[in-house]
Structures are given as structure tokens and as C-alpha cells.
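As C-alpha cells, the structure follows; a few thoughts come after it.
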Amino acid sequence: MKTPLELLTDKKNAAAERLKEKGYLSKKRVYIGMATCEIAAGSKEVMAEFEAAKKQGLDIYLSQKGCAGRCHVEPTVEVVDPEKGPVLYTKVDAKKAKEIIQKHLIGGEPLAEGEK
Amino acid sequence: MPEKIKITINDREYEVRPNQTIMQAADSVGFRLPRLCYHPKLSIEGACRVCIVEVEGMRNFVASCAYPIYDGMKIKTNTDELRRARRDIVELILDNHPMDCHTCERDGNCELQRLAYAMGIKTRHFEGEKKNYPIDVSSTSVVRNPNKCILCGRCVRICSEVQSVHNLGFSHRGFKTVVMPAYNEAFADTVCSNCGQCINVCPTAAFVEKNYTQDVFQALSRKDVVKIAQVAPSVRAAIGEDFGLPAGKNLEKETAAALRKLGFDYVFDTQFSADLTIVEEANELLHRIKTGGKLPMITSCSAAWMKYMEQFFPDLIDNISTCKSPMSMMGAMIKTYFADKIKADPKNIVSVAVMCCTAKKYEAARPELMVNGMRGVDHMITTREASWMIKSAGIDLVNIKGEEFDEPLGMSSGAGTIFGATGGVMEAAIRTAYELYTGKEMPDLDVKAVRGLKGIKEGAVMMGDKEIRVAVAHGLGNAAELLQEVRKNPDKYHFIEVMGCPGGCVGGGGQPYVGLNCVPLDENLLRKRAEALYNADRNRKIRKSHENPDIKRIYKEFLGEPLGKKSHELLHTHYKQHYPQGIIPGGGKC
Amino acid sequence: MHNRSLEVFGKAGYFNSQLRIALRNCGIIDPGDLDDYLNVRGFEALAKVLSGIKSEAVIAEIKRSGLRGRGGAGFGTGLKWELVAREKSDQKYVICNADEGDPGAFMDRSIIEGDPFSVLEGMAIAGYAVGSDKGIVYIRAEYPLAIKRLEKAIEAARKQNLLGKDILSSGFSFDIEIRLGAGAFVCGEETALMQSIEGHRGMPRPRPPYPSASGLFCKPTLINNVETWANVPVIVVEGAEWFSSVGTEKSKGTKVFALAGKINNTGLVEVPMGTTLRHVIYDIGGGIPGSKKLKAVQTGGPSGGCIPADLIDTPIDYESLGKIGSIMGSGGMIVIDEDSCMVSIAKFFLEFTQSESCGKCTPCREGTKRMLEILTRITEGQGKEGDIEKLERLGNMIKKSSLCGLGQSAPNPVLSTIRYFRNEYEDHIKNKKCTAGACEKMLSYVINDKCIGCGACKRACPVNAISGSTKQKHLINQDLCTKCGECYKTCKFSAIDKG
């Protein structure tokens, strides 16, 4: 019989598989801060922009995340390029979201950001 | 567990029983720490903080009512800092309390007043805003004055823990906290049983009875009416306390004399109608037993119990004896039998009942109990109200020469007397039922099994070959417990007595406030009051209701026979399910 | 498992001196996806203890880690577990206190919204250690998103057999349900919280009996705060030695603070115990906006104390904060600059605790009200000689005599401001002057000689308190003036003095 740790390892592997299927390692990952504070700062609009882009064929791994505690820069969007590592965008609104989609996700060039 | 442990109080060592609180331990060795929200019969609240003490090793003061002792505990009860803290705490209560002591119902009998004196509050340091709420006078029996409330929570606890009515609770927060019924509903529309125990336990006058003394004084000054009083058994057992006499002194004749001096034309004894109740009730019981009627039969004398039953145990209505209470039977007899006798128009009779009870004010106003369209009892005053009237009229109850009650509704047996104590109705009914059923004298008239202050008492009586199983509950919480058992096990008992108040009527909500060195509902006090009644019973020549010659006479002259047509019309009634405000029959939304 | 935030967010000033243990996954993983949590070694701690570690050993590990309750009082977590484990009972409960009530503190919400699984895992580990199969999360109904995430997380964990019956085929069962609170501040107090779960009015009751002996429904109950729970899986995986290497001698690990007030970078910061206030305010928080001077820091939520600027080199741990008249509390940290009046600040916090007092015990119910009245009159220029002494007398009595922690700490803001800023109180009372200019009722606006008589202030005044003819110096009628400040804002010539 398997120990709980072994059973958990199975579950983890299965979870990793599922994540991979969704493109975790192959696509650019976009995380939108969707905690209450981020939503209050306007992250729902931002999420809507990315969802719309995805619907129109933008091939990304779109996900939400909780709050990192940076109240003064919310809403935040994190873009992880499997090859290049993560970039964090702050104070994102619909307009900035469109720029991120156009320049970073489609164009491949991260936006110039003052503060990370 | 060792039998004794050592604790130190104010640098002196004491050996005390383990498993008690600091307050209990201190009390046992001669202290009496100041206290307010604490009551030995209720759960520990720890709210008032008046009983705080210092315990070595603890950063903060601890409430002695709540904190358990341990071996080697070092306690200080009387440091400068503690005294000042206690003083300040009591001042804080006073600062949010009306400053109207000399016009207050509880003047001279207020725990807060005594405490303020003991704490030495001479100057007020922290006065400011005071609460200001409307006074609820909607109820026939209980007046709620939140402005005098000091939020000790005793009323909340007695209403739920002892009486199982759960009508009171805390509402709102902080400085705005108020004790109120659900939704701040008018008291008249709530599940309040009118038992008045909140009045008894309140340390101030946040709860008092609805006062009818002015109505009675007004009636007494009228020349065109016949003024008649009746006095409940337990009034005479307690009224002396209001005049500084020790508890347990029976002032039967003195009370009759004082009421006559107040201006009543006739003073009758509710013990007479208690005898009448017993004759009807014992016959009803035997009738139910013989004809296969609904059993167990449950007594209906207690007014608080009746309202409680209508609200919480409506499924047991058919078990309730149809007999009216002694007070209402007396009212009915005054307005019919006695009115005929003195050839007076019953409309010109003012009938006043002096009772130990607040719920009887509600009972007196019940439409079901009307006699030919009139109230049998026009005004009901409590023992306390009667005391005040006697004092106010300048009558010396203590040294007055006793007088007898008036004929023909004034003579009573010992059975009628003991109605005032829990188990008394049961004992009286057994005495009569036994003889009616067996045709023989009962060997020992004292039914010890149903006496005393145990919450639920059970017993069995052999009536010839028939075993009659009985149970007695006092206090609505005990009643609820007993009736839950009846619901589960309907054949367990034949006959049940329920009294709404702890101790029965001697512990009624209208009885004198307790004096110094005593707490409300103190068992010794209740026992002494009951003892006054049992002694009177023991010394009576006639100790069985059906042997009371005036009872025999009233049946011969007027009523005919027990359970007969006239009895049915005047002495019996029916109860129905009662819905408090906000509860819709069958559920649903308001 | 705890340093991925650095990887994600880089070594930006805000993050590089933080150490994220409780917040390790917040802002990193998708809180709605158990797969994401499993991917960051989620449930490894639970699986580890279920794979043959004795419950006593788990408790010993927590004890050795030195973890202390993050809800405020700082009681040793391992000891608490041990007390509950020792009790014999047919039923025990494990409660997560998520009734975060301090205004401005939101680390519990953030953890539940960002990483709900770590809380569930912590609770399950405790359930195993103390012998309980029933967990309850008591969370305020004002956190709808947190509740939703938590519900989803519980559901997902159950589906994967990480909660519920026979977890990971180990024979150990543990399930969690959510109970909603109506938002009373006092329901964060453990006995009041349990009263509330039982369906009663949330009012504290005297202790003992302590919850560990007789808690929820009179059963032995283990109750810890969200942040405490979130620490537990890390201790189990990384070990007590690693955890206790962080922090100070008596305060181990990290603490999350909600940085707010007059500070450039507001937000949640998690730093090792022993970090100085200065470091948090200037290095992480980015200092004070508008290059104003720091006046004080208020820590510990509404019942914490105010720490003056000259003490900001104090290391943050339970004992050091206590020594200077404040508390750790749940981790509120409000930065106060020179424009703030300390009497008003004390009044502000007391207003909160006063209205949130449950009303049960006299000192808290009546005493805080009187303190508030005194503070109000001081800030309105009606302060009297002796008021400071009355505040101290009441405050000390309330601290020592109140029934629960709310009352015992409610006077802290007042007592600490008197301790460090007594001169401000005296200024208000004796000179009827608020140096910071924050107490409106004590302000007066006076027109000085720079006035050119343009009439702008006259037109701006809503109560016609200003008179004067054109090109003449104007005058403010002090009896009519409501001190609204409109004239002051309107004047372009600095011709109005405020003070």
C-alpha cells in the first residue's frame, strides 16, 4: 500500500500534467491580481481585456492570483515568459492592458516599466 | 483531590474546600466581597467587575465570582488600588443611571444604592451622557425601564435559565447596549409569562410591576360601591418582611385588619376559594380517571404557567384542568353568590385581589375569565403594592390587633393554606381525592414527597387498590423539563402540579424585595415563608378542603354539586393556543 | 518553498528585505486552482505527518519552532496544541479565526483570498496532532470573495481526498466547514467567537475554563488565527530549526504587517521578527510622502499603542512592543506624520473600540465612553485641568479590570499618547491650541496684512462670516466662522493664517 506521501506525489504529478496541458510551460502565462483589493482598484476590467484577447485567438495561459500586498500599485498583472522570466506590471488599467497585449504578448517586447 | 487546600487572602492563610471560585472560598471564611451581577442560582456572567480581586502572578485583576482557586493561591481583596478600581467601576455605573433615588420604587432597597454607599462614592469624577430610552408600560404586569438598567444580566439569565421563557436578551453594542425582548417588541406582545422574576432579581428598578395602587385608592374613596378584598395565602407569609419583621412570620389576621383599615368593606380569604378549587379539581381528576379522560391532569392555578403553557405547550391544553384559579373563583363568587347575598348590583362591587404575583394582573384581565360580562377581579395588587398602601395610609401592620376574615368567603382549611408553597395544591388535592375515591380517611395528611424545594418532585399515592402517580414542578424551567417528559411518556403520571415561580407562590414575582444579607430566591427565605404556611396548616382543626363548612354551605346554597352546571359556568374555563406577536400560526412570515 | 516571491517580483526595494512565509503563495498561485497549490509543494506537510509521524512529534516540532499566535496575544502555538491534545473527549474542534476586525488590517483576507489551501492544510495538520476531526473557519460575512475562494478550496481538497474521510488513505479524517460572522469586532475574541458559532450573541465569557478545556459546545477547542495556520505547513516541511532561525530569541519567524497611513508604499509586508520599525517604514515603506517628518507609528490595530519617532529603532517583537506601551496585535501599522494631532488620533481609535465594545462588562462599556467624552472635549477646546489624570486613572482601571482583551487593550492608544505626547494634551487643555492644526474646533482663521481685498474669500465663505470692502483688508467674524477652511483654500496671497 502506498503511503500518504506517495499518494500525494501521484496527485502532484497529475496536477503538473494538467497544468502542462493548459500550456503552463509552453505559453506565456498572464496572472491578474484578483483579490478584493485588486478588484476594487479595477482589475476586473483588466481581466476582461485579456479574456477578450484570448477569445480572439491570443494563445496565452490566463490565470488569476491573490494579492501580493502592494496596495499602492494595484491592479497588478504578471506576465511570465517561460524563456525570459516574469515581468510585473503595476497600476494596470484597460488601456495599459491593451498595450501589454499588443507589445508584450503579441510583439514579444516587454513594456518599459519604471518600477518592478 | 485533597479535601482541603490552602489559599492566602490578604496575607492570612486559610484552609478551604477545593473546586470553588475565589468568591465562594472567601465567603466561606468570613468575607463578603462586593458583587452585583453574581447570583448563586444563575450562571456566572463576570460582567459587572465589582468583585475583582488581585491574584499574585496575574497581570490584571480577576473577577472573583468566576475564577477558580488553586492550592497556594495568594489573593488580595483590599488594596488601595483595588478599592479605587471598584469605586470607579461602581461610579461608572452610577454615572449612567438616573439620579432619582428618592422617587424610585427601589429607594432603600436597591443593591446599587447600597453598593455605592459601601464603595464610598462621594464625588462623581466621570459624569457625562446618560442613556435615555422610552419606558415600556404596555404589559399588564411588568414595566421595563431601560434607563435604570445597569446591564448585570440577571433578568436575562433568570428568564432563560430558570424560567425557560427566553424573552430577554442584550441588544446593540457598547454604550448603547440594552436589555430587551426580541425586536424590542412591546412587552405585552412578547412571550413574557408575566411571572415577575425579572423584578425579583433586578438589583435596581429596571423592572417593576405595573402599579395599580392609585386605582385601588381611588376605588376605596368611593361611597357608591362595595369594596371587597381577597388575600392570597403567601401574602401573609411574606408581608411582614416589608415591615422589618423576620421572614416566616404569618400575618394572616394582621393583614385582614390592615386591609379593613384601608377602607375595604369586606376582606375575604383566597384560601377559601383555594378550598373550592380543590373540591372542583379533585372531582375533575377522579372524573377523568373514571371516565378515561385526558391524563395526566395538570393544574391551572398559576397565571404565569397558563400563559407559558398556551405559548410553548399548546399540545397539552386538553391536559390542563379546566378549573379557574382560586383568585378567579373568588372573583366569580363575589360577583354572583355574594352580590346576591348582600343584594348588591355586581356592577357596584369593586373586587380587589392582593396577591404574591404579577401574572395575576394579566389573569384578572383575561376575557375567558369574565363573569356575566364583568371582571371577577377588578384590580390586582402585589404584596409589595399592598405594603406600600398600608405604609402610605399610616397603618401599623406590626402592632395592629388581628381580625378574622369576613363570612361567608373567609373560612379556610389547612389545605387551602398550603396552596402558597410548591407541592401545596397537590397535597391538598390528594387529601380530598383520597377520601372521595376510597370513602376512607387518609392515614397521614402530610404528603412529604411533594414538599420541599427540589425542582421536580415525584410521588405515588395508593388510593385503595389504585396507584396515583403524581409530579410537582416549580419554576417554568422545571415545568418545561417535566412536560417534555410527559410528551415522551404520556402515561407516566396521573396528576401534575405546576407553579410558575421557584418555590411556588411564596417566591412569586410580587413578593417583598429581600433585605440585607439575603439574595432574591434564597432557598432559606423561601423555606421560611413556606414553613409559615405549613405551620398554619398543622394548627388548623380542619385540614381538608371538602370539610370546610363554608364550602359545604356554598354548594348547598348556590353551586349545587362539584362539576355541576353552575360550577361549570362560573368556576371552569378553557384555554387556547396563544401566539405572541410575530409568530404566525403554522409558520410563515409576518 | 517560501522564497518564490523574490523570483517573481525581483529584488525591488519593496520586496528584497521581506521574508515571506505566511504570504509565500499570495500573489504567486491561482487561489482557485488546487493544481497550482500542489505545484508549490502544497499538502506535502500534511502528507508528511500522515506518513508515520506521531501526533506528539508534530506538537513537539511546532513547540520547538517557537511559533506564537499571530492573532494578537502571542500565546505559544505548540503549547496551545498540547493543551488540547491532552484533553480526553469524544469530540474536539479546530477553529480558524478569520474574523479580522482591525480597521486597516487585511492580511487574513489576503491569505485566504490568495492562498486558501495553506490555511486548510495547517488546520488539518493540527486536527491530526490534537485528535480532532472537525474544523471550522469563522470568517466575517463582509469578505464575500474570501468565503467563495475558501468554499471552492474546501470542495477541491475534498475531491482530491485531502480533506474529508480517510485522508490520503491514512485513516485520519478531518473536514472543515465555514461559519459566517456578522462583523462584530469583539467576535475576534475567542470566547465571543465561539459564542457566535453556537448561535448566541457574540459576547466574551470569563476564562477559565479556557477553550482548550471547554470551548465550542463545551468541547476542547483549538483556535488559531489565519496567519498562524498559514505558517504551520512551512514549519512541518522546512523544520523547526529553520523556522526558529528566523526572528528573535522569544519571537520566532516572521510577522505580516498592514502598512498604512502617511507612507509612500502602503500594503502588506512580511518581515522577520526583530526587524526595526525604521527598516519597515523607510526601507520597505519608502518613507513619508511630501518629505514630512515622522511623528509616531501606531501598531497593533485600534487597541495598540502609539510609538514616538525617537523609538523607531525598536525591533518588532512581542516583548519589545509591549515594553514601550504598544502591542503586536494582528499587525496593523499606521504611520503618523507631523500634521497629525495625537489627541485626535487617540480619540479616533477609542471611538472605534468604544462602539465595538460588546457592552457586557462595566469598565469597557462605561469607562471607554467616559474616556471618549473627555478626549472629545479636549479636542474641542473644552478640556479641563485634571482631564489627563482622569484619562490615566480610567485607562489603567479599564486595562486591569475588563473582562476580555478588547477592554484590556482599549485604553492603549490613549495611555501611550499621554506617555509620549503629554505636552500635546497639555497644549490642548491649557493653551487651547492644537499645534498640528488638526482639531477643527480649536482652529481660528485670521486675515493678515498680506490681504489685498480681492474679495475671493468673502465669496467663498458659506456662512457670510467675512466682511470688508474691495481693496481693503477683510475681516473674519469669529462668532460666525464654522472653520470650514474654504477661505484658506481660496486665498491666493497667503493672507489667511490658520492656527
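Only residues that are in a helix (DSSP H, G or I), without any contact (Cβ under 8 Å) to a residue 60 or more places away in the chain and of a type outside the set (Asp, Glu): list them for region C:419-458, please. Show your work before the answer.
Here is the first cut: in region C:419-458, the residues in a helix (DSSP H, G or I) are C:419-430, C:440-442, C:456-458.
So of that shortlist, the ones also without any contact (Cβ under 8 Å) to a residue 60 or more places away in the chain come out as C:422-423, C:426-427, C:429-430, C:440, C:456-458.
Result: C:Arg422, C:Asn423, C:Ile429, C:Lys430, C:Ala456, C:Cys457, C:Lys458.
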| request: Starting from residues that are open to solvent by less than 30 Å² (accessible area, probe 1.4 Å) and out of contact with any Gly (no Cβ under 6 Å at 6 or more places or on another chain), keep the ones in region C:415-435 and report whichever is farthest from C:Ala346 (Cα to Cα). | output: C:Cys434
| request: Would you mind listing the helices (runs of 4 or more DSSP H) fully within chain A where at least 3 residues are away from chain C (no Cβ under 14 Å) and out of contact with any helix residue (DSSP H, G or I) (no Cβ under 6 Å at 6 or more places or on another chain)? | output: A:43-55, A:94-99
| note | Only one of (1) over 30 Å from B:Arg384 (Cα atoms); (2) within 14 Å of another protein chain (Cβ to nearest Cβ); (3) surrounded by fewer than 16 Cβ atoms within 10 Å (Cβ to Cβ) does not apply to B:Cys65, and that is (3)
| remark: Picked from region B:460-482 (must be in contact with a helix residue (DSSP H, G or I) (Cβ under 6 Å, 6 or more places away or on another chain) and at pLDDT below 95), the residue farthest from B:Pro502 (Cα to Cα) is B:Gly464
| Counting only residues that are in contact (Cβ under 8 Å) with a residue 12 or more places away in the chain and out of contact with any strand residue (DSSP E or B) (no Cβ under 9 Å at 6 or more places or on another chain), how many does region B:443-456 have? | 3
| request: Enumerate the pairs (first residue in region B:89-109 and closer than 22 Å to C:Glu366 by Cα; second residue anywhere and in a loop (DSSP other than H, G, I, E, B) and among the polar types (S, T, N, Q)) with beta-carbon separation below 9 Å, excluding pairs fewer than 6 apart on the same chain, so at least 6 apart or on different chains. | output: B:Glu91/B:Thr123; B:His97/B:Thr204; B:Pro98/B:Asn145
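State the number of residues belonging to region C:244-259 that are on the phi > 0 side of the Ramachandran plot and open to solvent by less than 30 Å² (accessible area, probe 1.4 Å).
Taking region C:244-259 as the starting set, the residues that turn out to be on the phi > 0 side of the Ramachandran plot are C:247, C:253.
Still in the list and also open to solvent by less than 30 Å² (accessible area, probe 1.4 Å): C:253.
Qualifying residue count, region C:244-259: 1.
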| request: Kindly check whether there is at least one residue in region C:400-414 that is surrounded by fewer than 23 Cβ atoms within 10 Å (Cβ to Cβ), more than 8 Å from chain B (Cβ to nearest Cβ), modelled with pLDDT of 95 or more and outside any helix (DSSP H, G or I). | output: no
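If I go through region C:260-289 residue by residue, how many of them are farther than 21 Å from A:Lys91 by Cα and either open to solvent by less than 30 Å² (accessible area, probe 1.4 Å) or touching a residue at least 24 places away in the same chain (Cβ under 8 Å) (or both)? Can you show your working first?
Narrowing region C:260-289 to residues farther than 21 Å from A:Lys91 by Cα: C:270-283.
Subset that is either open to solvent by less than 30 Å² (accessible area, probe 1.4 Å) or touching a residue at least 24 places away in the same chain (Cβ under 8 Å) (or both): C:270-281, C:283.
Of the residues in region C:260-289, 13 are farther than 21 Å from A:Lys91 by Cα and either open to solvent by less than 30 Å² (accessible area, probe 1.4 Å) or touching a residue at least 24 places away in the same chain (Cβ under 8 Å) (or both).
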| said: Is it the case, given these coordinates, that C:Ile178 is more than 27 Å from C:Cys306 (Cα to Cα), of a type in the set (Val, Ile, Thr) and touching a helix residue (DSSP H, G or I) at 6+ places or on another chain (Cβ under 8 Å)? | reply: yes
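Tell me, which residue of region C:161-179 that is in contact (Cβ under 8 Å) with a residue 24 or more places away in the chain and under 33 Å from the mean Cα position of the chain (by Cα) is nearest to the other protein chains (Cβ to nearest Cβ)? Even if it seems obvious, please write down each step before you answer.
Narrowing region C:161-179 to residues in contact (Cβ under 8 Å) with a residue 24 or more places away in the chain: C:162-163, C:167-168, C:170, C:172-179.
Restricting the remaining residues to those that are under 33 Å from the mean Cα position of the chain (by Cα) gives C:162-163, C:174-179.
Working: C:Leu162: 8, C:Leu163: 13, C:Phe174: 13, C:Asp175: 17, C:Ile176: 18, C:Glu177: 22, C:Ile178: 17, C:Arg179: 20 Å.
In this case the residue turns out to be C:Leu162.
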| Subset of region B:190-224 [surrounded by fewer than 24 Cβ atoms within 10 Å (Cβ to Cβ) and closer than 14 Å to B:Asp378 by Cα] | B:Asn211, B:Tyr212, B:Thr213, B:Gln214, B:Asp215, B:Phe217, B:Gln218, B:Ala219, B:Leu220
| said: Only one of C:Ala192, C:Ala213, C:Ala182 is touching a residue at least 24 places away in the same chain (Cβ under 8 Å), open to solvent by 40 Å² or more (accessible area, probe 1.4 Å), within 14 Å of chain B (Cβ to nearest Cβ) and over 20 Å from C:Ala129 (Cβ atoms). Can you tell me which? | reply: C:Ala182
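Take the residues in region B:277-310 that are of a type in the set (D, E, K, R) and open to solvent by 10 Å² or more (accessible area, probe 1.4 Å); name whichever of them is nearest to B:His546 (Cα to Cα).
In the first step, residues of region B:277-310 are kept if they are of a type in the set (D, E, K, R); the result is B:280-281, B:284, B:288, B:290, B:294, B:307, B:310.
After this cut, where a residue has to be open to solvent by 10 Å² or more (accessible area, probe 1.4 Å) as well, the list is B:284, B:288, B:290, B:294.
Details: B:Glu284: 14, B:Arg288: 19, B:Lys290: 20, B:Lys294: 24 Å.
Among residues in region B:277-310 that are of a type in the set (D, E, K, R) and open to solvent by 10 Å² or more (accessible area, probe 1.4 Å), the one nearest to B:His546 (Cα to Cα) is B:Glu284.
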| Could you count how many residues in region A:41-83 are open to solvent by 30 Å² or more (accessible area, probe 1.4 Å), over 14 Å from the mean Cα position of the chain (by Cα) and free of Cβ contacts under 8 Å to residues at least 24 places away in the same chain? | 6
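Quick check on this structure: which one of C:Gly135, C:Gly171 is open to solvent by 10 Å² or more (accessible area, probe 1.4 Å) and either outside any helix (DSSP H, G or I) or hydrophobic (A, V, I, L, M, F, W, C) (or both)?
Numbers: C:Gly135 fails: open to solvent by 10 Å² or more (accessible area, probe 1.4 Å).
One residue alone meets the criteria, C:Gly171.
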| field | When residues of region B:312-367 are limited to those that are in contact with a strand residue (DSSP E or B) (Cβ under 8 Å, 6 or more places away or on another chain) and among the basic types (Lys, Arg), the one surrounded by the most Cβ atoms within 10 Å (Cβ to Cβ) | value | B:Lys360
| So which residues in region B:333-377 are in a loop (DSSP other than H, G, I, E, B), under 23 Å from B:Met309 (Cβ atoms) and of a type outside the set (D, E, K, R), if there are any at all? | B:Cys356, B:Cys357, B:Thr358, B:Ala365, B:Met370, B:Gly376, B:Val377
| said: Take the residues in region B:46-61 that are buried (at least 23 other Cβ atoms within 10 Å of the Cβ) and of a type in the set (Val, Ile, Thr); name whichever of them is nearest to the other protein chains (Cβ to nearest Cβ). | reply: B:Ile52
| request: Could you check region C:15-98 for helices (runs of 4 or more DSSP H) lying wholly inside it with 1 or more residues that are facing another protein chain (nearest Cβ under 10 Å)? | output: C:34-39, C:44-50
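Inspect all residues belonging to region B:544-563 and state whether any of them is open to solvent by 70 Å² or more (accessible area, probe 1.4 Å) and at pLDDT below 90.
Going residue by residue through region B:544-563, those that are open to solvent by 70 Å² or more (accessible area, probe 1.4 Å) are B:552-553, B:556-557, B:561.
Pick out the ones that are also at pLDDT below 90 and you get none.
No, that holds for no residue.
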| remark: Of the residues in region C:340-359 that are within 14 Å of another protein chain (Cβ to nearest Cβ) and outside any helix (DSSP H, G or I), the one that is farthest from the chain's Cα centre (by Cα) is C:Gly359
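Every residue, every condition in (1) under 24 Å from the mean Cα position of the chain (by Cα); (2) modelled with pLDDT of 95 or more, yes or no:
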{"position": "B:Lys122", "(1), (2)": "no, no"}
{"position": "B:Lys130", "(1), (2)": "no, yes"}
{"position": "B:Ile135", "(1), (2)": "yes, yes"}
{"position": "B:Ser138", "(1), (2)": "yes, yes"}
{"position": "B:Asn147", "(1), (2)": "no, yes"}
{"position": "B:Val156", "(1), (2)": "yes, yes"}
{"position": "B:His166", "(1), (2)": "yes, no"}
{"position": "B:Val179", "(1), (2)": "yes, yes"}
{"position": "B:Asp189", "(1), (2)": "yes, no"}
| said: Of everything in region C:360-389, what is surrounded by 24 or more Cβ atoms within 10 Å (Cβ to Cβ) and either under 18 Å from C:Ala436 (Cβ atoms) or more than 14 Å from chain B (Cβ to nearest Cβ) (or both)? Give them in sequence order. | reply: C:Leu375, C:Ile378
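The values are calculated or read from the model by the stated rules, or taken from the named source; none is laboratory data. Since this is a predicted model, take the numbers as computed values, not measurements. All Cβ positions, even for glycine, are placed from backbone atoms using ideal geometry, and neighbour counts span all protein chains on display. Quick note on the areas: whole protein, heavy atoms, side chains included, nothing else; ligands and nucleic acids left out. Shrake-Rupley method; radii C 1.70, N 1.55, O 1.52, S 1.80 Å.
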